[in-house]
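Worksheet: the structure to be examined is printed underneath.
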There are 2 protein chains.
Amino acid sequence: MTYYQKLEQHTKKLSRIHHLSAICSWDQAAKMPEGGNTARSEAMAELALIHHELSTAAHLAEWFEKAEAESLSAEQKISLKEMKRQWKKDNVLPAELVEQKSLTGSKCEHAWRSQRKENNWHEFSQNLEKVVQLAREEAQIRADATGLSRYNAMLDLYEPGMTCEKIDEIFGQVKTWLPSLIQEVQAQQSHDEVLTPKGPFPAEQQKTLSLDIMSKLGFDFSHGRLDVSTHPFCGGVPTDVRITTRYDEDDFTSALMGVIHETGHARYEQGLPEQWLDFPVGQARSMGIHESQSLFFEMQLSRSKPFIEILAPLAREVFSRNNDKSLSTENMVLFSTRVKPGYIRVDADEVTYPAHIILRYEIERDLIEGKIEVADIPELWDKKMTEYLGLSTKGNFTDGCMQDIHWTDGSFGYFPSYTLGAMYAAQFMAAMRREMNVDNLIRERNLQPIFNWLDRHIWKKASFLSTEDILREATGETLNPDYFKEHLVNRYLES
Amino acid sequence: MTYYQKLEQHTKKLSRIHHLSAICSWDQAAKMPEGGNTARSEAMAELALIHHELSTAAHLAEWFEKAEAESLSAEQKISLKEMKRQWKKDNVLPAELVEQKSLTGSKCEHAWRSQRKENNWHEFSQNLEKVVQLAREEAQIRADATGLSRYNAMLDLYEPGMTCEKIDEIFGQVKTWLPSLIQEVQAQQSHDEVLTPKGPFPAEQQKTLSLDIMSKLGFDFSHGRLDVSTHPFCGGVPTDVRITTRYDEDDFTSALMGVIHETGHARYEQGLPEQWLDFPVGQARSMGIHESQSLFFEMQLSRSKPFIEILAPLAREVFSRNNDKSLSTENMVLFSTRVKPGYIRVDADEVTYPAHIILRYEIERDLIEGKIEVADIPELWDKKMTEYLGLSTKGNFTDGCMQDIHWTDGSFGYFPSYTLGAMYAAQFMAAMRREMNVDNLIRERNLQPIFNWLDRHIWKKASFLSTEDILREATGETLNPDYFKEHLVNRYLES
């Protein structure tokens, strides 16, 4: 057996352990009764330990060295490179730091759940300081290992190749036009009369609608399912993708749009190249590309007028409301593209969302680089919210800097993925429109060419290409935020 | 750390791996879409391998030896003994035989699924011969390691301490009265006019009824769930018990009685002593005792007249059939205690069931001991079916010797557990009746004293006592099949 083959065998083993962990995590969120949690958490931790021991085995350094000297095909070379990237990510941190991170993060996150409700920044910030301290240590170690700056080394975990120099430039541009665009859109929309659909919308009927839309969007039910959980997610494994939602009987659009979003993630997973699924090279390229697929489905596709022409009649039918004017196509278009600055990122519309991300990015970048401290966050949050969205969060930590889970367990570097994903999605759509008449295809209920394009340019590329190369091969250029601006202007100002 | 503590830590690790395996098995049967199966099976096999490597580590022999010399509490001594029993069971077979067994068994079982439908004994028997060959090797190795005879060494896997000498005596007695009892019951029942409830009974309503009965039977929904699968089972782990059923819209009693049966298994699991759950000593004593609990719930409790007085009105209500005479208490009692010899074990009533087991036991015992060969099975099956139940299976392999899954993967020694369980259940009920008026308690809807008795005498004993000692402490004597006969006579001849 060659060393490359040994590494493949080893990586398969890790992939299989990950499979069971992913299914048990899904179960924990979607099916497990409360009383099962303690034993389950212990069992999951044990499996994580087994995974860690395997992935950090001492002999692997030698295997990689020897495999690199072997004669390999072009694909195998890329696969080896990605295996090594994964191995380095897993191995660079000392075991003690990994354990401390896990304990400190769990403690901070757990306490945050009640502290947020109590608006208790004082106690939360004490835990967060410890999390930030460890995150800075992690960033320093990763920086030393990669030659990147500290924050760039964290970014690299979620969006390999992305740097804050590039993001500063892109987000800097956005900041020049976004606040005024938001105001213009609001001014224009103030003339619209929009009806809010009134519940109850029975969960069972919402489920029927969700499953129908998933089918129309090509979700493969022989390789996945839809279930319910408190926090919607896309989990499982590519051969068995588990997406979840929650049904709000007062507002069917939240589950519907959520399901469409998760279906975008799911189709990316289901579309990854079958023969490489057990290896890093066969997995999703980055969090940003992942988000680009969910946002392509949710924002680019499903909130478009031609698609709402499909959705609205389906909703009227499933809820038996043929004469409900709030479910008319016209009203659903207005309702689905309503723009209103708000405090909460996860509730934000497509236009104001980037402001929430830019704010978080600027704060976490400076936090990791040591330019600001945890104590500075509330004031900065208030200042930036006022500047970007015209809303003050003074004294309101619950709906301000304590609203997100990401920082509680030290996931610094993740936030930019959301807006990078929105920009990639807009750029993909613009490229697709140069090749086909997307709106006509939707009107003809012929979505297959759209999915084929995504499959060919993104899903089947998996991690064989860098994010930049995926963009270049699919759209002819690297990330260009103009497409995102164009999309917003077209949809929100010129409709 | 003492060697006993090291063994506890090691055993906890195995228990946690088992936890994930149990949940993923449940998922595979109850939730997984078909396309997930290949990757899932590979992942499960990987985990089994990890479990095997850990449980057969070379240093464990020394750990056991040293732990036995340490100063331990009485409970720890029993726990150590059970850990060692488990370890020996896991270690006695050479790895090569384990692998061959697994491959040959999978192949035989897989082919059996279509061969059974095609009544293809010829091809099936060729696979079965290989399975039997390996089972004999296994039995010989286990016999050498335990000093038991070959078949007794296999029995010991499922019902520790049980021997074919004891079973021969007990089943021998049953054979003297069972065939004539069946005829007498049939003669008496021939005068009854029984209405068969007519569907459709919507699955959703059956589910409501099932959940209601599970609650009444004390199932703890904070530590378990009910779902649907093709083959009903009780799985998961004691802190999170997963039972399944399937709903036949033509016949609600099959799911209902099945759910009650699995609830018996589930309450045993949920009732095991919390602080010992990770260790063999805290687990169910044997397959026979497990079956005694499911049959106590299904046969002793739920098919009793006072319990059907609870069930029948619930059924009439949930199906909105207040005037359906087939759902009257009187008719449901007759319908639930109908006796009719048939070909299929899993469809058999309480009275004819033991005949199916005795037949299988006699064949598998002689097969493992080498007194008969696979080629002899069809003739023996036909002869014994004719003798015990008056039915010939000549040429009918599908409904004869090819109907069960057990032998296909080499699980010889399992079948007696079913009837031993029925006998234990009758003996437990007889002892319980000496302490309380069970029928009155049921009529008063006060089942708690019944559950408390089971919890005290069986569930909380886990594997701290042998099967014989559980019986002795709970009922004052070891297995006495007279209680089972008395139960059948009381219910089926003197009602």
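The values are calculated or read from the model by the stated rules, or taken from the named source; none is laboratory data. What you are looking at is a predicted structure, and each value in this text was computed from that prediction instead of being measured. Every residue, glycine as well, gets a Cβ built from its backbone with ideal geometry; the counts of neighbours run over all protein chains shown. When the accessible area is computed, the model is the full protein with side chains, heavy atoms only, and any ligands, DNA or RNA have been set aside. Shrake-Rupley method; radii C 1.70, N 1.55, O 1.52, S 1.80 Å.
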_Given a Förster distance of 56 Å, report the FRET efficiency between A:LEU493 and B:LEU314 from their Cβ-Cβ distance, rounded to the nearest 0.05._
0.35
*Take the rotation relating chain A to chain B, measure from its axis to every Cβ in chain A, and name the nearest residue with the distance in whole Å.*
A:LEU20, 3
*Can you tell me the dipole magnitude for the protein assembly as shown around its Cα centre, using point charges on the Cβ only (Lys, Arg +1; Asp, Glu -1), in Debye to the nearest 20?*
400
*Using Cα pairs under 8 angstrom and six or more residues apart, how large is the relative contact order of region B:1-90, in percent?*
49
*Please identify the helices of chain A, taking whole runs of DSSP H, that span at least 24 Å along their own axis as judged from the Cα atoms and have a mean Kyte-Doolittle score of -0.5 or higher.*
A:37-55, A:164-189, A:252-271, A:416-435
*Along the Cα-to-Cβ line of A:ARG321, 7 Å from the Cα, sits a label point; which residues in region A:170-201 have backbone N less than 16 Å from it?*
A:194-201
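On average, how much accessible surface per residue is there in region B:266-421, in Å², for a 1.4 Å probe, leaving out ligands, DNA and RNA?
On the way: 5350 Å² over 156 residues.
For region B:266-421, the per-residue accessible area is 34 Å².
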*asked:* At a threshold of 8 angstrom on Cα-Cα distance, excluding pairs fewer than six apart, so keeping six or more, what relative contact order does chain A reach in percent?
replied: 20
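What total accessible area, in Å², is buried where chains A and B meet, using a 1.4 Å probe and rounding to the nearest 100?
That pair of chains buries around 2800 Å² in total.
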_Electrostatic dipole magnitude of region A:141-241 [Cβ: Lys, Arg +1; Asp, Glu -1; Cα centre; debye, to 20]_ = 160
*Mind checking which lysines have their Cα closer than 21 Å to the Cα of B:LYS89? Skip sequence neighbours fewer than 8 apart in that chain.*
B:LYS6, B:LYS12, B:LYS13, B:LYS66, B:LYS77, B:LYS81, B:LYS101
*Sticking with the crude label model, points 7 Å out along Cα→Cβ, report the distance from B:LYS6 to A:ALA58 in nm, one decimal please.*
1.9
*Which of B:TRP381, B:VAL351, B:ILE368 sits closest to the plus end of the dipole of region B:332-390, meaning its Cα is farthest towards the positive end, when Lys and Arg get +1 and Asp and Glu get -1 on the C-beta?*
B:VAL351
*For region B:177-197 and region B:373-399, what is the separation of their Cα centres, given in Å?*
24
*asked:* Using the Cα centre of chain B as origin and beta-carbon charges of +1 (Lys, Arg) and -1 (Asp, Glu), tell me which of B:CYS24, B:GLY271, B:ASN480 is placed farthest towards the positive end of the dipole.
replied: B:GLY271
*With the dipole of chain A worked out from charges on the C-beta (+1 for Lys and Arg, -1 for Asp and Glu) around the Cα centre, which of A:LEU47, A:PHE464, A:VAL194 lies farthest toward the positive end?*
A:PHE464
*Once the other residues with Cβ under 11 Å from the Cβ of B:LEU391 are scored (Lys, Arg +1; Asp, Glu -1), what is the net sum?*
0
*Could you give the distance between the Cα centres of region B:235-285 and region A:16-70, to the whole Å?*
28
*Taking amide H positions as placed in the peptide plane 1.01 Å from N, state which residues far from A:GLY224 in sequence (5 or more) or on other chains have amide H under 5 Å from it.*
A:VAL241
_Per DSSP helix of 4 or more residues, -39500 (n - 2.57); summed, then divided by the residues of chain B. What does that give at 222 nm, rounded to the nearest 500?_
-20500 deg cm²/dmol
*Which value, in debye to the nearest 20, describes the size of the charge dipole of region A:1-86 about its Cα centre when Lys and Arg Cβ atoms bear +1, Asp and Glu Cβ atoms bear -1, and nothing else is charged?*
180
*Which pairs in the list B:LYS305/B:LYS485; A:LYS117/A:LYS394; B:LYS340/B:LYS461; B:LYS384/B:LYS485 are over 26 Å apart, alpha-carbon to alpha-carbon?*
B:LYS340/B:LYS461
*How far is the Cα center of region A:92-112 from the Cα center of region A:431-455, in Å?*
45
*Relative contact order for region A:133-213, counting Cα pairs under 8 Å that sit 6 or more residues apart, in percent*: 12
_Full-extension gain between A:SER254 and A:GLN133, please, as 0.36 nm times their residue separation minus the C-alpha to C-alpha distance._
39.9 nm
*Compute the distance in nm between two label points, each set 7 Å from the Cα along the Cα-to-Cβ direction, one at B:GLU75 and one at A:SER41.*
2.4
*Got a number for carbon plus sulfur as a percent of region B:145-495's accessible area, 1.4 Å probe?*
48
*Theoretical gain in end-to-end length, A:THR329 to A:LYS66 [0.36 nm per residue, Cα-Cα removed]*: 88.5 nm
*At B:THR478, with labels set 7 Å past Cα in the Cβ direction, how many nm apart are the copies from this one, shortest first?*
8.2
*region B:1-90 - percent of accessible surface contributed by carbon and sulfur, probe 1.4 Å*: 51
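Can you bin region A:1-86 into rounded, prolate or oblate? Criterion: square roots of the alpha carbon gyration tensor eigenvalues sorted a ≥ b ≥ c, rounded for a/c under 1.5, prolate for a/b above b/c, oblate for the rest.
Prolate.
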*asked:* Checking the a/c ratio against 1.5 first, then a/b against b/c, what shape does the Cα gyration tensor give for region A:158-495?
replied: rounded
*asked:* Between A:SER392 and A:ASN91, what is the label-point separation in nm under the 7 Å Cα-to-beta-carbon projection?
replied: 5.5
*Taking H placed 1.01 Å from N in the peptide plane, check which residues at least 5 places from A:GLY236 or on another chain put their amide H under 5 Å from its amide H.*
A:TRP26, A:ARG242
_For B:GLN189, label point 7 Å along C-beta direction: distances to other copies, nm_ = 7.0
_Shortest-first nm distances, B:GLU68 label point to equivalent points in other copies (7 Å, Cα→Cβ)_ = 5.2
*If R0 is 35 Å, what FRET efficiency do you get for B:ASN119 and B:VAL194 from their C-beta distance, rounded to 0.05?*
0.65
